[in-house]
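Report on the structure given below.
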């Protein structure tokens, strides 16, 4: 199917660059730097910190679940999508920059303030994803949707690598960090907030300048809102007429919970289990982002060759095995049952020199490839099967499917972590979500619905 809004190579590349601008927020803030700083230094207890961070992510996801379908339908009624992206971009940049004021021990913004800032940032991030993702089918031919979706996720992870490397080389490692940041006051970690905000603002400009948007419907705002709300209610009632799309949304709702947990808590889990500091967390993030980018590049191309559904199942199956295996490594054991003398070095490396760390990172690299491939191909699948006439509305439902139960997996992790007092048992619950998603995809067909 041809592109529909006069897209050019510059417009498509600018669409991809928006992910280069936005996606480092996930890597730098929610996984490797600010999340570990939150659990280690703001909360001061990795187990309680993981539980609190899970709760913040979960309730923010619930807010997205409620709002996204209605916003998407209103955008379909009003025509244009970029104004919505711009509104969410302002919120994302402002709330991310505010994280600078989160001080050690809960000072500054305090736990409540940090929770509000992170919640708003997550809401804005996912909100922009609805409208940005819905533009893809009108920008590129259907036969290459997978590779363009994968390219966006790949470049987003490459951007994370660039930003994490910058932080490591110029801020973490030097005795005198860039900009005169005070390590004793944890400014080198708090700086992640304003740094991500500046990066996002700078690199999102091409999207707003050159990526084409649909023409405005010239409806008054009130009418667009009423039509949007009515459309969502009608579509939900008529989901029986979109059974295949509804099946995919339901399945994605299950496995996406597991993806979000692995993405958001991988760094927190590793820092707590292996007692890594800020430098190790940043290095870990760089290594994983390299393989995550590889997953974006290869996953989309594989989907264009063998089918999106098959590629999704392959990724989920590999992740199930690797996720289980990764939990078997700790400073005092290998593969769950083999004892290991903590601190015994097997490699002449300044970091990650013990066997459990090396094996753990190897399994997580495999997870990173499959995880980003799954994200990219989930978006591609939606772009392939949703009706063209209601693409943004269905991407709103897509966001709903990703967030409607997004509180379930994080809160399950929080509950399991608190009950067991173990980060390993807390993370183990995600395998059940992956397995349910893998099985559910057998009931989904890769064919476009009509309005």
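Just so you know, all these numbers are worked out from the coordinates, no wet-lab data involved. Model, not experiment: these values are computed from the prediction. Here the Cβ positions follow ideal geometry from the backbone for every residue, glycine too, while neighbour counts run over all protein chains shown.
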Answer label, with P(r) over Cα pairs in 10 Å bins from 0, in percent calculated from the coordinates and candidates (i) 4, 16, 18, 15, 12, 10, 8, 6, 5, 3, 2, 1, 0; (ii) 4, 17, 22, 19, 14, 11, 7, 4, 1, 0; (iii) 5, 22, 33, 26, 12, 3, 0: (iii)
Tilt relative to the chain, helix 430-440 - C-alpha long axis, 0 to 90 degrees, to 10: 30
Extension gain, residue 116 back to residue 66 (0.36 nm per residue minus Cα-Cα distance, nm): 16.3 nm
Residue-averaged [θ]222 nm for the chain, counting only DSSP H segments that reach four residues, each worth -39500 (n - 2.57): -23500 deg cm²/dmol
Mean separation of Cα contacts under 8 Å (6+ apart) over length of the stretch 9-443, as relative contact order %: 31
Nearest-0.05 FRET efficiency for residue 419 and residue 346, computed from C-beta distance (R0 35 Å): 0.55
Residue order, fewest to most surrounding Cβ atoms within 10 angstrom, among 308, 211, 363: 363, 211, 308
Extension gain, residue 310 back to residue 240 (0.36 nm per residue minus Cα-Cα distance, nm): 22.8 nm
Two-site label geometry, residue 435 and residue 447: point separation in nm, points 7 Å out along Cα→Cβ: 3.2
Taking 280, 393 and counting other C-beta atoms within 10 Å, the order from fewest to most: 280, 393
